[in-house]
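Novice: Handing you this structure, nothing more for now.
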Amino acid sequence: MNCQHVGTLKVLSKLNQDKSDAVIALAGNPNTGKSTVFNGLTGLKQHTGNWPGKTVVLAKGNYRYRNKIITLVDLPGTYSLLANSADEQVARDFICFGNPEATIVVVDATCLERNLNLVLQVIEITPRAILCVNLIDEAKRKGIVIDFPKLEALLGIPVVPTAARDKVGLAALKESLHQVVFEHKQLQPLSIRYQERIEVAVATIQREIEPFLRGKINSRWVALRLLDGDTTLITEILNYISGTGPDSWEQGSNELKAVKCYE
Amino acid sequence: MSNEENCFQGIVAQAQTAGAEVGPVRDQLVLDLYRQTQEIARQVVKRQGKKEDFDHKIDDFVTSKYFGYPLMLTLLSLILWLTVSGANYPSQLLSNLLFGFGSHLTAFCQWLKAPDWLHGILVLGLYRCMAWVISVMLPPMAIFFPLFTFLEELGYLPRVAFNLDRGFKRAGAHGKQVLTMCMGFGCNAAGVTACRIIESPRERLIATLTNNFVPCNGRFPTLIAMAAIFLSALVGTANNLLTTGLVVGVVVFGILVTLLISRLLSQTLLKGVPSTFTLELPPYRWPKMGTLLIRSVLDRTLFVLVRAVVVAAPAGMIIWILANVYIGEVSIIGHLGGFLQGFGYLLGLDGYIILAFLLGLPANEIVIPILIMSYLSEGVMVEPSSIEDLHRLLVANGWTWLTALNMMLFSLLHFPCATTLLTIRKETQSLKWTVLAALIPTGVAILVCFLVAQLARACGLV
């Protein structure tokens with residue numbers, strides 16, 4: 001438990017030391033039963049740690065499925081990824097720069113509409129996403145019926161209904177994740193269309209930014225954020241694309257405060 | 001490497017220019033996002049039966065374009081009316097009781113043959129100041145806090161934030177600022193602490209610096225008393241309804257000043273654009289009355305009262321000494337009041353009022369007791385047995401309706417109390433912002449009172 005300066009990549013290299021076959025991010029609004037899903041999947045094999053430089057606690061845990069060890073990282077519950085708060089920024093940075101093999105978004109079936117905002121924002125960053133519609137038991141009680149095949153068709157990502165409290169649907173979630181990560185199931189997620197003048201501006205920026213990103217980050221998403229004037233992202237991108245390893249990362253992030261190291 | 005970085009920064013700058021040309025990008029992005037989620041949800045989610053969400057229906061009304069604001073105003077008026085009319089009788093009862101006990105204390109001192117100065121400091125200064133603060137503050141707080149906690153527990157406050165969000169956004173501030181203002185109604189120090197819920201440092205500072213424009217519980221009794229005096233001086237009568245109306249008007253004025261100053265700050269010292277946020281409207285819950293009463297009486301009413309009494313006790317002693325130690329023909333308080341007279345007159349007030357506000361820095365509750373003590377030649381507080389008595393005393397000291405009005409305005413707008421300033425220092429970790437938090441409201445108070453006074457005098461109204 002020695003304290004030291006750590007950066008994103010250090011966290012990741014630490015994660016990978018666990019002989020894990022895949023790192024999966026778990027995102028979702030607050031109060032959606034995200035932690036119940038996390039606990040249901042990982043059991044008691046979990047640790048918590050701080051995201052470097054921030055006082056946001058991340059939990060991670062492992063589970064084994066079809067001879068693969070999966071590491072789950074439970075991100076802070078957020079309503080959006082627009083980096084309005086430390087929580088949102090950490091969630092966004094992990095999905096974007098943490099290179100998770102896939103991201104599970106947990107949503108509350110009783111208020112799907114509000115929760116879908118986060119889902120659309122996640123699939124704007126990464127195509128490898130899975131939607132976990134939790135609390136279906138509660139929705140059923142409230143007389144809410146969701147057309148899951150249609151939702152899957154509209155979003156273009158796998159949709160798994162669950163009631164994590166009763167372990168309903170967790171096996172299907174593991175299987176779905178396995179297919180996306182290890183059987184390279186091709187996903188064609190929905191892309192949010194914006195107003196014409198925004199699309200025009202984005203297209204221009206996207207063309208210019210493309211070479212800098214070297215295919216590491218979704219250029220359309222970066223273009224949107226730059227158009228939005230999101231300055232929190234700029235340093236992160238510069239660090240990410242120039243970084244060749246944990247050491248160079250550390251140099252570029254001397255503003256990071258000493259925090260407890262991971263684990 | 002640095003060359004590449006320069007190129008990158010060039011694109012960033014270019015994107016920012018493009019963004020400025022397109023307009024409010026964030027709003028547009030969020031709007032388009034919400035439009036699409038709405039469309040998906042419409043196609044995918046069905047509700048069985050006609051069990052429409054009850055909360056939704058209430059919210060449609062509570063946050064509607066036409067009923068939202070009138071409802072907020074009505075609720076505010078109702079709370080204040082209940083406070084004003086309900087507090088009168090118990091206030092009188094308490095003051096009779098406490099001041100009655102005070103005369104026993106005097107008798108006791110005489111029996112002990114205690115020196116006059118000791119009796120003066122302890123009974124006429126310390127005890128009477130405490131008695132005044134308790135009898136004037138406790139009843140309104142004991143009514144106001146439970147009512148306010150009721151609305152809070154019911155889940156109404158987030159709806160208020162929702163309603164006012166547009167206004168605050170236009171002022172370049174955060175919608176959650178409304179919630180910190182609601183806390184400020186109870187106590188500005190609590191309001192400043194509540195500013196932690198705002199994530200963006202810029203908007204948190206705006207909320208911190210303007211929280212004082214919401215009158216806290218220490219100032220409500222002053223506002224209510226002054227409203228009654230203003231009305232009886234201007235129209236001859238002061239019933240509870242008119243008084244409430246005037247106090248509501250002052251509160252609304254305070255909110256408008258908050259918006260104006262927030263806007264000015266966000267265009268000058270704290271430049272930036274308001275950040276978007278998701279405000280979850282929690283389901284309405286009927287509060288548990290037992291817990292509500294215990295929580296609001298113990299956690300809030302008694303907490304604030306104890307604080308006020310602790311400050312009032314030494315303040316009462318000091319004021320008595322200032323009012324009874326003579327330099328030449330005049331007491332120290334007289335000298336100070338005379339010194340501030342010219343400045344006070346410019347603001348439509350007088351020297352003693354300015355002095356009372358300055359000496360009342362530790363807590364706003366003691367401003368009126370200080371004022372009464374300095375008006376009385378003997379330097380002893382009379383029993384504030386009724387508003388009429390107070391009115392007679394003030395008129396005898398040259399008060400007009402303008403004095404009462406400007407006293408209300410100055411009380412609403414002036415520098416925060418010492419506790420609030422210390423809290424601001426602790427929260428901002430900066431002396432500069434703490435000083436500004438005192439200077440900005442004071443500047444506004446001086447400006448507004450000056451303009452009102454000059455206008456009234458120029459029009460020959462006084």
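The values are calculated or read from the model by the stated rules, or taken from the named source; none is laboratory data. Bear in mind the structure is a predicted one, so any value in this text is a computation, not a measurement. Cβ: placed from backbone, ideal geometry, glycine included. Neighbour counts: every protein chain shown. These area figures cover heavy atoms from the full protein model, side chains too; ligands, DNA and RNA do not enter into them. Shrake-Rupley method; radii C 1.70, N 1.55, O 1.52, S 1.80 Å.
Novice: Return the pairs, sorted by first residue and then second, in which the second residue is open to solvent by 50 Å² or more (accessible area, probe 1.4 Å) and at pLDDT below 90, the first residue lies in region B:95-109 and is closer than 14 Å to B:I134 by Cα, the beta carbons are less than 6 Å apart, and the residues are 6+ apart or on different chains.
Specialist: Once the first residue is closer than 14 Å to B:I134 by Cα and sits in region B:95-109, its partners that are open to solvent by 50 Å² or more (accessible area, probe 1.4 Å) and at pLDDT below 90 give B:F99/B:E383.
Novice: Looking at B:I206, B:I134, which is the one that is within 30 Å of B:L105 (Cβ to Cβ), modelled with pLDDT of 85 or more, assigned to a helix (DSSP H, G or I) and of a type in the set (A, V, I, L, M, F, W, C)?
Specialist: Result of the check over B:I206, B:I134: B:I134.
Novice: Among the residues of region B:387-405, is there at least one that is part of a helix (DSSP H, G or I), closer than 18 Å to B:L358 by Cα and not charged (D, E, K, R)?
Specialist: yes
Novice: Turning to a different aspect of this structure: Inspect all residues belonging to region B:44-60 and state whether any of them is free of Cβ contacts under 8 Å to residues at least 40 places away in the same chain, at the interface with chain A (Cβ under 7 Å from one of its Cβ atoms), in a helix (DSSP H, G or I) and not aromatic (F, W, Y).
Specialist: Within region B:44-60, one or more residues are free of Cβ contacts under 8 Å to residues at least 40 places away in the same chain, at the interface with chain A (Cβ under 7 Å from one of its Cβ atoms), in a helix (DSSP H, G or I) and not aromatic (F, W, Y).
Novice: Of everything in region B:316-348, what is farther than 30 Å from B:V452 by Cβ, crowded, with 19+ Cβ neighbours inside 10 Å and of a type in the set (G, A, S)? Give them in sequence order.
Specialist: B:G316, B:S331 - these are the residues of region B:316-348 that are farther than 30 Å from B:V452 by Cβ, crowded, with 19+ Cβ neighbours inside 10 Å and of a type in the set (G, A, S).
Novice: Confirm whether B:F168 is open to solvent by 30 Å² or more (accessible area, probe 1.4 Å), part of a helix (DSSP H, G or I) and within 30 Å of B:L279 (Cβ to Cβ).
Specialist: Criteria not met by B:F168.
Novice: Just to be sure I understand the filter: pairs with C-beta atoms under 6 Å, separated by 6 or more residues or on different chains, first member in region B:298-327 and of a type in the set (S, T, Y), second member part of a helix (DSSP H, G or I). Which pairs pass?
Specialist: Partner pairs satisfying both residue conditions: B:T301/B:M141; B:T301/B:A142; B:T301/B:F145.
Novice: Also, I was wondering about something else. Give me a count of the residues in region A:165-222 that are away from every other protein chain (no Cβ under 14 Å), open to solvent by 30 Å² or more (accessible area, probe 1.4 Å) and of a type in the set (G, A, S).
Specialist: Within region A:165-222, residues that are away from every other protein chain (no Cβ under 14 Å), open to solvent by 30 Å² or more (accessible area, probe 1.4 Å) and of a type in the set (G, A, S) number 3.
Novice: Okay, moving on. Looking only at region B:245-300, which residues are among the polar types (S, T, N, Q) and assigned to a helix (DSSP H, G or I)?
Specialist: Of everything in region B:245-300, those that are among the polar types (S, T, N, Q) and assigned to a helix (DSSP H, G or I) turn out to be B:T258, B:S262, B:S266, B:Q267, B:T291, B:S296.
Novice: Could you check, for region B:173-182, whether at least one of its residues is open to solvent by 10 Å² or more (accessible area, probe 1.4 Å) and more than 30 Å from B:K271 (Cα to Cα)?
Specialist: Scanning region B:173-182, I find no residue that is open to solvent by 10 Å² or more (accessible area, probe 1.4 Å) and more than 30 Å from B:K271 (Cα to Cα), so the answer is no.
Novice: Next question. Restricting attention to region B:223-241, which residues are part of a helix (DSSP H, G or I) and closer than 18 Å to B:T403 by Cα?
Specialist: If the condition is that a residue be part of a helix (DSSP H, G or I) and closer than 18 Å to B:T403 by Cα, then B:L223, B:I224, B:A225, B:M226, B:A227, B:A228, B:I229, B:F230, B:L231, B:S232, B:A233, B:L234 are the ones that fit.
Novice: So which residues in region B:99-122 are farther than 17 Å from B:W320 by Cβ and open to solvent by less than 40 Å² (accessible area, probe 1.4 Å), if there are any at all?
Specialist: The one that is farther than 17 Å from B:W320 by Cβ and open to solvent by less than 40 Å² (accessible area, probe 1.4 Å): B:G100.
Novice: Select from region A:72-106 the residues that are part of a strand (DSSP E or B) and over 13 Å from the mean Cα position of the chain (by Cα) and list them in ascending order.
Specialist: none
Novice: Take region B:123-157 and flag every residue that is touching a Leu at 6+ places or on another chain (Cβ under 7 Å) and either open to solvent by 30 Å² or more (accessible area, probe 1.4 Å) or of a type in the set (K, R) (or both).
Specialist: B:Y127, B:I134, B:L138, B:I143, B:L147, B:F150, B:E153 - these are the residues of region B:123-157 that are touching a Leu at 6+ places or on another chain (Cβ under 7 Å) and either open to solvent by 30 Å² or more (accessible area, probe 1.4 Å) or of a type in the set (K, R) (or both).
Novice: How about region A:122-164: which of its residues are more than 13 Å from chain B (Cβ to nearest Cβ), open to solvent by less than 50 Å² (accessible area, probe 1.4 Å) and closer than 28 Å to A:V23 by Cβ?
Specialist: A:I125, A:T126, A:A129, A:I130, A:C132, A:N134, A:L135, A:P158, A:V160, A:T162, A:A163, A:A164, listed by residue number.
Novice: When residues of region B:238-284 are filtered for being of a type in the set (A, V, I, L, M), within 19 Å of B:T180 (Cβ to Cβ) and away from every other protein chain (no Cβ under 14 Å), how many remain?
Specialist: 12
The rows are residues; the columns are (1) farther than 29 Å from B:D27 by Cα; (2) open to solvent by less than 50 Å² (accessible area, probe 1.4 Å); (3) touching a residue at least 24 places away in the same chain (Cβ under 8 Å).
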site	(1), (2), (3)
B:S200	no, yes, yes
B:F230	yes, yes, yes
B:A238	yes, yes, yes
B:L242	yes, no, no
B:G254	no, yes, yes
B:L264	no, no, no
B:P274	no, yes, yes
